[in-house]
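Worksheet: the structure to be examined is printed underneath.
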Amino acid sequence: MTTNAVARASAQLSEQALLEMFWIMLLSRRLDERAWALHRQGKIAFHISGMGHEAAQVGAAFTLNRGIDYVHPYYRDLALMLALGITPTDFMMSLFAKKGEYSSGARQMPSHFGYKPLNVVSGSAPVATQVPQAAGLAFAIKYRQQTGLVDPQDATQPRVAFTSLGEGSTSQGEWHEGMNWAGVHKLPLVCLVQNNIYAISVPVASQMAVANVADRAAAYGVTGVVVDGNDVLAVYDVMTEAVERAYNGGGATLVEAKTYRPVPHSSDDDDRSYRTREEVEAWKEKGPINRFRRTLEAEGILTPEILEDYEIRARAEVDHAQANAEAAPYPEGEDALGDVYAPADEVQP
Amino acid sequence: MTQMTLIDALRLAMDEELARDPRVFITGEDVGVRGGVFRATQGLHEKYGGARIVDSPLAELSIVAIGIGAALADLRPICEIQFADFIHPAFNQIVNEAAKMYYRSNGQWRVPLVIRAPYGGGISGGLYHSQSVEAFFTHVPGLKVVIPSTPYDAKGLLKSAVRDPNPVLFFEPKKGYRAIKGDVPSDEYTVPLGPARVARAGRDLSVFAYGMMAYYTEIAAEKVAREDGIDAEVIDLRTLLPLDKETILNSVKKTGKALVVYEDNRTMGFGAEVAALLADEGFETLDAPVKRLAAPDVPSVPFSPPMQEYFMPNPDTIAAAIRDLAGY
């Protein structure tokens with residue numbers, strides 16, 4: 001790292017941690033690319049991509065107490081989910097809608113992430129619904145601490161609720177109401193807006209009249225930060241501060257990671273109707289994986305041998321995951337009928 | 001046994017559940033020092049403090065969404081929507097989120113949430129303080145919908161709702177908050193969600209109702225027994241979702257005639273489901289058409305007293321409908 005980066009949290013990351021971050025970003029990209037190919041081959045019904053967002057997501061994930069802090073993600077958070085602990089096979093099982101799929105038993109479309117063992121809440125498709133719920137998760141954290149049910153310093157308990165969404169979703173009233181609670185009650189919430197400039201086809205200038213989503217933080221009485229979402233270490237730095245603020249009773253943070261979606265919104269979208277190929281190509285060069293690769297190469301951390309090994313491993317893992325999912329059976333039709341109501345607790349507290 | 005009003009019984013249920021389980025908390029507009037605009041939470045802020053009795057911002061969807069998030073984190077929120085008329089901004093959170101969470105997570109995440117809301121007309125509340133909204137939510141699998149009509153049931157059902165692992169919409173007949181009085185035991189008890197209550201056993205016909213209309217129907221049944229010698233069976237449905245089909249079908253098997261009374265708009269109201277159930281599974285037990293007595297199909301309850309009175313069924317119009325059906 002450069003000398004003026006010493007005060008940065010990311011400067012404390014070990015070479016092993018840096019390589020792990022790079023590995024997850026690369027694995028996510030290769031898995032995502034395979035999903036597009038599978039859709040074009042007619043093997044899967046739907047894919048919604050997280051390409052271009054890997055730095056924002058992996059930079060964020062590495063600042064959390066993974067598996068313990070609450071996460072309420074959105075549909076682009078593939079790299080985030082891999083960093084939290086789902087496997088390529090888990091994701092492929094979602095793409096192929098196979099029996100035992102980890103998040104919903106294949107009731108939901110792919111990328112509607114959620115996994116209780118990792119404290120990742122199941123998400124829906126109407127955007128921003130997760131934000132006031134994440135404020136509710138943060139409210140519960142603070143409630144347990146205030147009423148003496150848990151020790152605020154106990155790292156085996158959730159101490160922050162993290163949620164993410166796109167910039168278009170911040171036009172929703174649900175986002176506003178969630179942020180307002182976070183401010184009024186000084187909640188341990190981190191809201192990561194992955195601003196990729198387009199909500200399907202609608203550019204950010206048609207969503208809001210201010211330059212940055214984070215500018216709105218002041219109106220809620222929370223901290224707002226803009227960060228280069230293609231710089232994984234910059235995201236890690238601001239997210240570290242945000243998470244520490246939440247852990248220490250300092251309230252919520254709105255982090256806006258500026259990035260770009262270099263692919264269509266989903267497998268059902270055609271982005272040629274709303275932006276030029278030149279624009280997309282220019283962004284690809286600036287993309288987060290190329291950028292982090294160059295940084296790690298310049299530092300001598302990522303060697304050509306390691307990179308080649310990673311590419312081989314990524315391909316093997318994606319192949320293996322695809323084979324697992326293709327071989328797995330579908331759910332039974334009657335599986336549609338389960339899990340409408342939770343059974344009562346056997347023992348009342 | 002203590003005589004108390006419906007709202008006193010509701011408050012007692014919340015008080016007992018707050019004392020029993022430290023995960024129970026209340027949020028909503030004016031629920032704190034004000035004790036709620038109807039006084040449902042009066043005294044609870046003083047007793048349990050601001051960390052557990054939480055005044056919300058004036059924003060209904062967030063009241064529900066905060067409750068969902070807290071319930072996901074295994075707290076036991078009781079969310080108050082000040083009037084059922086104001087629940088509509090939270091519709092997405094209730095229908096797309098709370099109701100679907102357990103299903104969409106393959107049973108991983110559950111939402112043990114209670115949403116209380118006063119509903120119904122007759123208090124000069126006009127279009128926006130009088131609505132009956134139960135039919136929107138009884139259409140949604142994953143929700144439970146409960147409407148008490150007696151203080152005993154109000155307390156016992158609300159305690160069950162707090163302990164239920166699913167989202168429960170608990171609609172309270174606000175006209176009955178102080179008008180309906182009854183005995184409530186001082187001992188701990190709950191009333192299970194699901195079973196209907198035979199409020200009055202009878203032989204001649206069955207009347208199905210809930211909330212304020214169940215209270216009125218009991219009055220009407222006594223009136224026709226006294227004046228006309230008609231022996232009406234009154235079934236207080238209490239839980240609309242899941243519906244106690246067995247009690248409905250068994251009652252009509254005995255009486256052969258069915259009337260459904262509800263103060264919601266007639267078309268696509270809850271009475272339609274009861275009528276469909278009887279047509280489908282009780283056809284051979286029927287001796288008469290299934291009748292509905294409900295409010296007219298106008299957008300809501302008008303303010304001016306004559307129009308308000310015209311809108312709502314009352315003991316006299318219910319008695320008239322019972323006589324008509326008995327004479328079929």
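The values are calculated or read from the model by the stated rules, or taken from the named source; none is laboratory data. Note that the structure is a prediction, hence the values are computed from the model and not measured. Glycine gets a Cβ as well: all are built from the backbone with ideal geometry, and neighbour counts include every protein chain shown.
Tabulated data
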item: Per-region count, the range A:171-198, residues under 20 Å from A:ALA55 (Cβ atoms) and either more than 15 Å from the chain's Cα centre (by Cα) or β-branched (Val, Ile, Thr) (or both); result: 4
item: B:PRO141, sole failed condition from (1) touching a strand residue (DSSP E or B) at 6+ places or on another chain (Cβ under 7 Å); (2) within 26 Å of B:ARG266 (Cα to Cα); result: (1)
item: Search result, residues across the range B:288-321 that are buried (at least 18 other Cβ atoms within 10 Å of the Cβ), small (Gly, Ala, Ser) and in a loop (DSSP other than H, G, I, E, B); result: B:SER300
item: Answer residue from the range B:274-320, given it is under 26 Å from B:LEU127 (Cα atoms) and aliphatic (A, V, I, L, M) and is farthest from the chain's Cα centre (by Cα) among those; result: B:MET307
item: Scope the range A:129-161; condition surrounded by fewer than 24 Cβ atoms within 10 Å (Cβ to Cβ), without any contact (Cβ under 8 Å) to a residue 60 or more places away in the chain and more than 7 Å from chain B (Cβ to nearest Cβ); matching residues; result: A:LYS142, A:ARG144, A:GLN145, A:GLY148, A:VAL150, A:ASP151, A:GLN153, A:ASP154
item: Any hit, the range B:253-271, residues being surrounded by 20 or more Cβ atoms within 10 Å (Cβ to Cβ), aliphatic (A, V, I, L, M), assigned to a loop (DSSP other than H, G, I, E, B) and touching a strand residue (DSSP E or B) at 6+ places or on another chain (Cβ under 8 Å); result: no
item: Count of residues meeting criterion [surrounded by fewer than 24 Cβ atoms within 10 Å (Cβ to Cβ) and either of a type in the set (Gly, Ala, Ser) or within 18 Å of B:ILE66 (Cα to Cα) (or both)] in the range A:176-201; result: 8
item: Residue within the range B:210-227 that is part of a strand (DSSP E or B), of a type outside the set (Ser, Thr, Tyr) and within 21 Å of the chain's Cα centre (by Cα) present; result: no
item: Hits in the range B:182-209 (condition: part of a strand (DSSP E or B) and charged (D, E, K, R)); result: B:ASP183, B:ARG197, B:ARG200
item: Positions within the range B:119-135 being more than 15 Å from B:HIS88 (Cβ to Cβ) and not small (Gly, Ala, Ser), in sequence order; result: B:ILE123
item: Selected residue (only one of B:GLY126, B:GLY69, B:GLY43, B:GLY35 is outside the structural domain of B:LEU243 (by TED's automatic domain parsing) and buried (at least 19 other Cβ atoms within 10 Å of the Cβ)); result: B:GLY69
item: Residue check for B:PRO112: within 21 Å of the chain's Cα centre (by Cα), within 11 Å of another protein chain (Cβ to nearest Cβ) and in a strand (DSSP E or B); result: no
item: Enumerated strands (runs of 3 or more DSSP E) restricted to the range B:10-106, each holding at least 2 residues that are more than 13 Å from chain A (Cβ to nearest Cβ); result: B:76-80
item: Tally, over the range A:255-292, of residues that are of a type in the set (D, E, K, R), modelled with pLDDT of 95 or more and within 20 Å of the chain's Cα centre (by Cα); result: 4
item: Residue match in the range B:144-159 (condition: within 14 Å of another protein chain (Cβ to nearest Cβ) and assigned to a helix (DSSP H, G or I)); result: yes
item: Residue list for the range A:107-118, filter: surrounded by fewer than 22 Cβ atoms within 10 Å (Cβ to Cβ) and part of a loop (DSSP other than H, G, I, E, B); result: A:ARG107, A:MET109, A:HIS112
item: Test: residue in the range A:137-145 that is closer than 30 Å to A:ALA328 by Cα and in contact with a helix residue (DSSP H, G or I) (Cβ under 8 Å, 6 or more places away or on another chain); result: no
item: Complete set of residues in the range A:196-242 that are under 16 Å from A:PHE162 (Cβ atoms) and aromatic (Phe, Trp, Tyr); result: A:TYR236
item: When residues of the range A:308-337 are limited to those that are of a type in the set (Gly, Ala, Ser) and in contact (Cβ under 8 Å) with a residue 60 or more places away in the chain, the one farthest from the other protein chains (Cβ to nearest Cβ); result: A:ALA314
item: Qualifying residue in the range A:178-190 (condition: more than 10 Å from every other protein chain (Cβ to nearest Cβ), at pLDDT 95 or above and touching an Asp or Glu at 6+ places or on another chain (Cβ under 6 Å)); result: no
item: Unique residue being farther than 15 Å from A:ALA252 by Cα, among the aliphatic types (A, V, I, L, M) and not in a loop (DSSP other than H, G, I, E, B) when the list is A:LEU192, A:LEU233; result: A:LEU233
item: Residues satisfying the stated conditions in the range B:185-202, i.e. of a type outside the set (Ser, Thr, Tyr) and surrounded by 12 or more Cβ atoms within 10 Å (Cβ to Cβ); result: B:VAL191, B:PRO192, B:LEU193, B:GLY194, B:PRO195, B:ALA196, B:ARG197, B:VAL198, B:ALA199, B:ARG200, B:ALA201, B:GLY202
item: Criterion violated by B:ILE7 - all others in (1) closer than 24 Å to B:GLU263 by Cβ; (2) in contact (Cβ under 8 Å) with a residue 60 or more places away in the chain; (3) within 14 Å of chain A (Cβ to nearest Cβ) satisfied; result: (3)
item: Considering residues of the range B:83-98 that are buried (at least 23 other Cβ atoms within 10 Å of the Cβ) and of a type outside the set (Val, Ile, Thr) only, the residue nearest to B:GLU172 (Cα to Cα); result: B:ALA84
item: Residues of the range A:118-128 classified as more than 8 Å from every other protein chain (Cβ to nearest Cβ) and under 16 Å from B:LEU72 (Cβ atoms), total; result: 4
item: Qualifying residue in the range A:237-246 (condition: over 26 Å from A:ALA11 (Cα atoms) and buried (at least 22 other Cβ atoms within 10 Å of the Cβ)); result: no
item: Within the range A:1-88, helices (runs of 4 or more DSSP H) holding 2 or more residues that are free of Cβ contacts under 8 Å to residues at least 40 places away in the same chain and farther than 30 Å from A:GLY136 by Cβ; result: A:15-40
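Conditions tested, residue by residue: (1) in a loop (DSSP other than H, G, I, E, B); (2) β-branched (Val, Ile, Thr).
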{"position": "A:GLY123", "(1), (2)": "yes, no"}
{"position": "A:ALA128", "(1), (2)": "yes, no"}
{"position": "A:VAL131", "(1), (2)": "no, yes"}
{"position": "A:PHE139", "(1), (2)": "no, no"}
{"position": "A:GLN145", "(1), (2)": "no, no"}
{"position": "A:ASP151", "(1), (2)": "yes, no"}
{"position": "A:PRO158", "(1), (2)": "yes, no"}
{"position": "A:THR163", "(1), (2)": "no, yes"}
